[in-house]
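**Q** One structure coming up, written as structure tokens, with questions to follow.
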Amino acid sequence: MHLKSVFQNIVSLLVKRIVEYLFLFLLIVYAGRTLGPSQFGKLNFAFAFTSLFIILSDLGFRRYLNREVAKNLDESRKTIQYAFTLKIFFALIVELVIIIAINLMGYDTQTKILVYILGIYIIFKSYQEFINDLFRGLKKAHLEAYSEFFEKPLLLLCGVGLLQKGYGVTALVWLFLILKVISCMFTFFLYRAHVGSIVLQLPSLQEGLALVKLSAPYALFLCFAMLYLGIDTVLLSYIKGDVSVGIYQVAVKVGVVLMLFPEAITQSVLPHMVAFYYTDKKRLLTAYIMTIKSLFFIASFIGVYLFFFSRWILQITFGPAYFPALPLFSIIAGMILFRFLIYGSATMLNASGNQPMCTVIEALCVLINIVLNIMLIPKYDYMGAGVATLATNALVCGIYFLMVKMKTGASFPAAFFLKMVLTLCIVAGGTLFIPFQMLFYRALYIASAFILVSYILQLISKEELYTIRHVLTSNLAQPF
């Protein structure tokens, strides 16, 4: 694996995600303050509900082709054209299903309108993600970032302006749709300029069915993943209402923003791990271990800050109206650790040709999450949804590690895990003795203690430090 290339892809995706999430997060924060918990809850429900159907407009084509173009672009061109054409028909089906589903659930007129608009939005988003996955497979992740450089800043600027003038949540989702259409067209232009044109070509029935069959494991995986990410919000809205969704989503949004780190790391590493699977199994295992250790370290560092600074974060972002969400931040801090590790393990299974296993695990994840939400939400409201999310992630994380061990022989380094737990205990224990009012000293202590204890315990070996230093300083790409 060319480490310089991986690092460049990670930086490109991080920049893209930071731009995307930062501007979007700032808009969400302003919307939460301006709209209040009830209208903010409607907005989040509409996004969560429509996201449940996004897989129907893709059927796993983008993830399948991400893997295929990483192997050979020329052999994949006709398949790309088939998938692109089929998505048009599936998009029409998606919008029809969304309209029928929201009307059957008996929501008010405003909520229905939000869902109708965002139903169109997710279709254009699906097409853009289709092209972006091709960029990633071709190791051209920097192209993915370009469209975000105008879409998200404009979304923030125009969104704040609309809310200031009192236009409300409906005008805001119209803005989401308009800018997504423009951004999607720009992404198509980038693909045409740097990769080649995509000609609409309808496959034969046999070819279409063959493509759907090959993409099915990815489609099922994404379907279960989207169900997992959105079903808690939908159930919470249906059982408890918009205000509960607004409170719950405040903590969830912070967690979602932080997922940019594992997403950038794993999506950059995946094409190289796929290549290693076919050429060098030893390098595949090395890449997996380094990925997992990196994710664990970053998640632990972030989780400690989130746990101890949740009140301050909530105060300067969404405001006192959302203080009931404070207990949720402790839950999200734990969830982040498990979710980061899930990203790494799922990437290993995907790279080693075990995508069906990922699908089975995600299906189990959805089932557990739905059952726990149904059990806990009626009695514990949004806290029940948070506990269900944490418990599900902890269980599924363990299952992923077990499956990676069984399928590839790769195991999580136990010594590193124990050292990491000891580091967290020392850092967290010391922080408790610093008064909450002394925010600067708390922040300084956490960073200093983390670095010092990590160095003393040698969480990262000298060889790994050398590799990281070499990636950051070398002008030449060096393999493992």
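**Q** I need the shape label for the range 160-255. Rule: rounded when a/c is under 1.5, else prolate if a/b > b/c, else oblate, with a, b, c from the alpha carbon gyration tensor.
**A** Cα axes put the range 160-255 in the oblate bin.
**Q** Under a point-charge model restricted to the Cβ atoms of Lys and Arg (+1) and Asp and Glu (-1), what is the dipole moment magnitude of the range 3-412 relative to its Cα centre, in debye to the nearest 20?
**A** It comes to approximately 720 debye.
**Q** Length gain on complete extension for the stretch Met375 to Phe149, per 0.36 nm per residue less the alpha carbon to alpha carbon distance?
**A** Between Met375 and Phe149, full extension yields an extra 77.1 nm.
**Q** State, to one decimal in nm, how far the label point of Leu444 lies from the label point of Val97, with both points 7 Å from Cα in the Cβ direction.
**A** Those two pseudo-labels are separated by 5.6 nm.
**Q** Return the sequence-ordered ³J(HN,Hα) values of the range 361-369 in whole Hz as given by the Karplus equation 6.51 cos²θ - 1.76 cosθ + 1.60 applied to θ = phi - 60°, using x for Gly and Pro.
**A** 5, 5, 4, 4, 4, 4, 4, 4, 5
**Q** Calculated from DSSP H runs of 4 or more alone, at -39500 (n - 2.57) each and per residue, what is the 222 nm mean residue ellipticity of the chain, nearest 500?
**A** One gets -29500 deg cm²/dmol as the mean residue ellipticity at 222 nm.
**Q** Right, something else. Charges on Cβ only, +1 for Lys and Arg, -1 for Asp and Glu, centred on the Cα centroid of the chain; of Gln458, Ile99, Ile313, which one is farthest towards the dipole's positive end?
**A** Checking the options against the dipole of the chain, the answer is Gln458.
**Q** Given the pairs Lys87/Lys253; Lys293/Lys405; Lys125/Lys240; Lys42/Lys240; Lys282/Lys405; Lys253/Lys293, which are separated by over 20 angstrom at their Cα positions?
**A** Exceeds cut-off: Lys87/Lys253; Lys125/Lys240; Lys253/Lys293.
**Q** Once the dipole of the chain is set up with Lys and Arg at +1 and Asp and Glu at -1 on Cβ about the Cα centre, which of Pro37, Ile342, Gly60 lies farthest towards its positive end?
**A** Comparing the listed Cα positions along the dipole, Ile342 ranks first.
**Q** Put +1 on the Cβ of every Lys and Arg and -1 on every Asp and Glu Cβ in the chain; which of Val212, Ala428, Thr170 then has its Cα farthest towards the positive end of the dipole?
**A** The residue sitting farthest along the positive end of the dipole is Ala428.
**Q** Work out from phi, with θ = phi - 60° and the Karplus expression 6.51 cos²θ - 1.76 cosθ + 1.60, the ³J(HN,Hα) of each residue of the range 324-329, listed in order in whole Hz, and give x for Gly and Pro.
**A** x, 7, 3, x, 5, 5
**Q** Calculate the FRET efficiency for Ala275 and Ile239 from the Cβ-Cβ distance with a Förster distance of 51 Å, rounded to the nearest 0.05.
**A** 0.65
**Q** Quick check: the distance between the Cα centres of the range 157-172 and the range 265-283, to the nearest angstrom?
**A** 45
**Q** For the range 330-345, in order, what is each residue's ³J(HN,Hα) by Karplus, 6.51 cos²θ - 1.76 cosθ + 1.60 with θ = phi - 60°, in whole Hz (x at glycine and Pro)?
**A** With coefficients 6.51, -1.76 and 1.60, one gets 5, 5, 5, 4, x, 4, 4, 4, 5, 5, 4, 5, 4, 3, x, 5 Hz.
**Q** For the residue pair Lys112 and Ala216, what label-to-label distance in nm results when each label sits 7 Å from Cα along the Cα-to-beta-carbon direction?
**A** That separation, rounded to one decimal, is 3.7 nm.
Each value in this text was obtained by applying a stated rule to the coordinates, not by laboratory testing. Bear in mind that the values here come from a model prediction, so they are computed numbers and not experimental data. Glycine gets a Cβ as well: all are built from the backbone with ideal geometry, and neighbour counts include every protein chain shown.
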